[in-house]
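These notes concern the structure reproduced below.
Readers should treat all values here as calculations from the given coordinates under stated rules, not as data from a laboratory. What you see is a predicted model, and the numbers here were worked out from it, not measured in a lab. With ideal geometry, Cβ positions are generated from the backbone for all residues, glycine too; neighbour counts draw on all protein chains shown.
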């Protein structure tokens, strides 16, 4: 049972890192293309980026173990493909 839990934690950690890298790439694209947006869209994106920074600060304050526990609490999410 311990091996399975360790294996699940390692898998979850890999998924979190992969998703974070993808998310960071998208945020980078938003920042790079801000000048191409309307003033209204720029304002919305600025608010979104500020909210993201606040959330990121909350998550980075968590330890590795706390992040894994959070992942376990959240559980598996089934994604339907259309």
In nm, the gap between the two label points placed 7 Å beyond Cα toward Cβ at residue 22 and residue 35 is 3.0
Kindly state, to the nearest 0.05, the FRET efficiency for residue 42 paired with residue 74, given R0 = 30 Å and r defined as their beta-carbon distance.
0.35
Taking r as the C-beta separation of residue 8 and residue 61 and R0 as 30 Å, the FRET efficiency to the nearest 0.05 is 0.80
